[in-house]
Number of protein chains: 2
Amino acid sequence: MPRKLIAGAPDFEEAFEGLVNSKRETDSDVSDTVAGIIADVIARGDAALIELTQKFDRIDLAKTGIAISAEEIASARAACSQETLAALEKAAERIEAFHRTQVPTSIDYADADGVGLGLRHTPVDAVGLYVPGGKAAYPSSVLMNAIPAKVAGVPRRVMVVPTPGGEISPLVLAAAEISGITEIYRVGGAQAVAALAYGTETIRPVDKIIGPGNAYVAAAKRQVFGKVGIDSIAGPSEILVVADAENDPSWIAIDLLSQAEHDEVAQAILITDDADFAARVEAAVAEHLATLPRANIAGASWNDHGAVIVVNDLADAPALVDRLAPEHLELAVEDPDALAGEIRHAGAMFLGRHTPEAIGDYVAGPNHVLPTARTARFSSGLGVLDFLKRTTWVKCDPASLAAIGPAAVTLAEAEGLGAHARSVAIRLGAAAE
Amino acid sequence: MPRKLIAGAPDFEEAFEGLVNSKRETDSDVSDTVAGIIADVIARGDAALIELTQKFDRIDLAKTGIAISAEEIASARAACSQETLAALEKAAERIEAFHRTQVPTSIDYADADGVGLGLRHTPVDAVGLYVPGGKAAYPSSVLMNAIPAKVAGVPRRVMVVPTPGGEISPLVLAAAEISGITEIYRVGGAQAVAALAYGTETIRPVDKIIGPGNAYVAAAKRQVFGKVGIDSIAGPSEILVVADAENDPSWIAIDLLSQAEHDEVAQAILITDDADFAARVEAAVAEHLATLPRANIAGASWNDHGAVIVVNDLADAPALVDRLAPEHLELAVEDPDALAGEIRHAGAMFLGRHTPEAIGDYVAGPNHVLPTARTARFSSGLGVLDFLKRTTWVKCDPASLAAIGPAAVTLAEAEGLGAHARSVAIRLGAAAE
């Protein structure tokens, strides 16, 4: 059974704080194993990749090749249904269109002192996208990770994916092609991350590594951070639905379950102002679970980590939402815009009764790679900016340096940095210690 | 003596690759000590802060108070010279003006399918700024870290600074006041980072921690990452100067030394197309060192980590610059804009013969917190965006959901996620497994 929290009850604040601080991730310390794998790939390159892939994925890369060929991609695509390919292409178009709106503009101006100032964006040279193998290989995630890099103008967009027993989802390869991946390698685990970061004979190194993975992949990303950039380490999925009693309980129940079905440690939370409606949603959850293919997972998540919070007034919801800072926030109320305006911390919002969160997982356009575990308080979903760096610039002539230089000399001397002071003063024709 | 690399020499590529991969940071593993300190602050709060501060900084916070009072700040300000305060205020104004140009705009539109889409920015609720104590307490760094948070609209901007033996730079407190810091606490080290992340009776927790510090502070930031956001871990400073023979060698020499004087492991590199000019710069470095207050540090950096690279043509410089991806790049050439246009990776650029890098450390306006150790390949200097998070949103009505929903159902079913599919299909009036 999910937790029940009733606003106004004497234990509400304590129970809510418990919900905010509940841990769902299971830490497994694989850092030593991973460090060994990384060192092996650095030392032996392709030979290490071949040996580790034989061991973990039971395939012989010396026979198959490390790279996945254009022919393999074409035949994978041919194996997909036209309907699914059309859906992937529609999703890719919509994701690309939304991400194009994120491309930032440069700054370039001269200020009142005559100082030229600016900021420009340049793409990262090469990005590596980790795609999990087996059942966790989602074509939609390929689109969501690869398309922002393409829109940012990253020239090399490299994908790695393990193929345990030689198997790979044709849809994943089709998604890679549709989203403009430029190279694909059939490697996975910490060894794939090491190859992307340090390079091997076959795989040239990249500058940033993104994408989800298991504990070994996450540990490897942490260890190569600094050598390359990484995205955030994603935790189990979450949804918070704020719903009034005018909703169909069955719609709200299936929205809660749509995130619960990801993982036994996913979390689905309902906030409503009507205890009877909450009870009807709970009943509808039970009904849906009777027929859902992933009912075991979704049911475990709902019973172990789910929560139902009844407030006196939905105007009290934003303060609770901000404390939970959910990855996904659905506002199934009459005036969702007004409520959204009161909320400060959420990864992505789904407004109104006709916007199920799942529409954003696939085709709406915004990214589905979002901050989890309350990190929406300080971080953002994946976007074009994650593949661009900012370079600022300054340009002085003798007159503008004369206008602002003396203050720099004063501050450098106050900080005891004589060479800083002198590098400005020497151009002003003045002396510095 | 700095390294000499001559383009065209048989060992050039090997020598340049050696320069690119040279390590200057000294790793010290203090993670166990730091983990103990963090656990202590979580368990005992202010009592731990008081005990650790007595031990490391030899002051009794129970007597002085943990917070620095408005009276102390006012009297610190009164102890600063009017000239220095005026310079700080001019710097603050210019930094604020440049950072205001970085405030991003929201996205809000409906597309051809009638789907409402958008992206908005909200500030982080509370930021903690770590300021090192003693001689490394730079008022300019207080401005550079605090002002972007203020411009972003972060309501709580908290500073922590150790006061060993009770001493604190009056200029640091004045800079904190000028840049709008809202709370200051006299604590430092890993215990200060722990207090910011987890809170104590006196210090409310923040959501993101920024600012430089020693190995203990860096390790503490790494350990609290996830609970709060952190900025990147800064390495030793670097400057790369590209200069033709038309420059005054003395100007270029002092620019190289302005970063070398930061740290024995700082790095200054000259790229020029004229070997005679390179020799004149080296001679000028020796002359400056004879009279600089921090000659010992600057000389050690130049001799141990400096480099002089002579190319045949300055058109060959951009490829080398990109491989080094320097923190600071000075282009002291006739047409710096053209050269800048060829470069992809640099933290900040200083264009022309009259723009010494040090002008950017203090008063130009762009931030001086910049990516080091080749991380400009994938990361950026501090800016307003570091204190804002992006929240995307989607809004469908029945018609727009009908337009895009079927593709989402198809993809969800292809991924085996039945609740995802059903949450869309149920609103389309259709069945899903």
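The values are calculated or read from the model by the stated rules, or taken from the named source; none is laboratory data. Because the structure is predicted, anything quoted here is derived from the model rather than measured. Please note: Cβ atoms are built from the backbone with ideal geometry, for glycine as well, and neighbour counts cover all protein chains shown. Heads up: the accessible areas ignore ligands, DNA and RNA and are worked out on the full protein's heavy atoms, side chains in. Shrake-Rupley method; radii C 1.70, N 1.55, O 1.52, S 1.80 Å.
Shown for residue B:341: label points 7 Å from Cα along the beta-carbon vector, and their distances to the equivalent points in the other copies, 4.5 nm in ascending order.
Stretching residue B:222 away from residue B:303 to a fully extended chain increases their span by 25.9 nm, per 0.36 nm per residue minus the current alpha-carbon distance. If only the Cβ of Lys and Arg carry +1 and only the Cβ of Asp and Glu carry -1, the dipole of chain B around its Cα centre is close to 1940 debye.
How much of residue B:150 can a 1.4 Å solvent probe reach, expressed as accessible area in Å² and rounded to 10? Approximately 60 Å² for this residue. Summed over qualifying helices (DSSP H, 4 residues or more, each -39500 (n - 2.57)) and divided by its residue number, the protein assembly as shown shows a 222 nm mean residue ellipticity of -13500 deg cm²/dmol.
Label-point spacing for residue B:22 across the identical copies (point 7 Å from Cα in the Cβ direction), in nm and ascending order: 5.5. Of all lysines in the structure, the ones whose alpha carbon falls short of 21 Å from that of residue A:208, not counting any fewer than 8 places away in one chain, are A:150, A:221, A:227, A:389, B:23, B:389. Sorting A:198-208, A:267-277 by average packing, meaning the other beta carbons within 10 Å per residue, from highest down gives A:267-277, A:198-208. Shape class of the range A:181-225 from the Cα gyration tensor (axes a ≥ b ≥ c, square roots of the eigenvalues): prolate, since a/c reaches 1.5 or more and a/b is larger than b/c. Note on B:89-98: average number of Cβ atoms from other chains within 10 Å of each residue's Cβ is 3. Placing a label point 7 Å from the Cα of residue B:335 along the Cα-to-Cβ direction, the residues of the range B:264-285 with a backbone N closer than 18 Å are B:273. Entry for the protein assembly as shown at q = 0.05, 0.10 Å⁻¹: log10 I(q)/I(0) = -0.29, -1.15, Debye formula applied to identical alpha-carbon scatterers, no solvent contribution.
What the phi angles of the range A:185-195 give under the Karplus curve with 6.51, -1.76 and 1.60, with θ = phi - 60°, is a coupling list of 10, 8, 10, x, x, 4, 5, 5, 4, 4, 5 Hz, glycine and proline written as x.
Here residue A:416 yields copy-to-copy label distances, from shortest upward, of 6.4 nm, the label point defined as 7 Å from Cα along Cα to C-beta. Partners of residue A:395 within straight-line reach, counting lysines whose Cα lies under 25 Å from its Cα and excluding those fewer than 8 residues away in the same chain: B:90.
Pairs of alpha-carbon atoms within less than 8 angstrom and 6+ residues apart define the contacts here; what relative contact order does chain B have, in percent?
In percent, rounded to a whole number, it is 19.
Mean-square fluctuations from a GNM of chain B, with a 10 angstrom spring cutoff on Cα atoms, peak among B:192, B:358, B:260 at B:358.
The alpha carbon centroids of the range A:326-374 and the range A:201-274 are separated by 14 Å. Accessible surface for residue A:173 stands near 10 Å², nearest 10, in the context of the full protein assembly shown (1.4 Å probe).
Which order do the peptides B:51-60, B:231-240, A:123-132, A:45-54 take when ranked by the mean count of other beta-carbon atoms within 10 Å per residue, highest first?
A:123-132, B:231-240, A:45-54, B:51-60
Placing unit charges on the Cβ atoms only, positive for Lys and Arg and negative for Asp and Glu, gives the protein assembly as shown a dipole magnitude near 580 debye about its Cα centre. Averaged over peptide B:331-337, the number of partner chain Cβ atoms lying within 10 Å of each residue's Cβ comes to 1.
What does the structure give for A:253-266 when I average, per residue, the other chain Cβ atoms found within 10 Å of the residue Cβ?
Mean shielding count: 4.
Overall shape of the range B:48-99 was characterised from the C-alpha gyration tensor. The equivalent ellipsoid obtained from it has semi-axes of 32, 15, 10 Å, in decreasing order. Assuming charge only on the beta carbon of Lys and Arg (+1) and of Asp and Glu (-1), the dipole of the range A:235-378 about its Cα centre is about 520 debye to the nearest 20.
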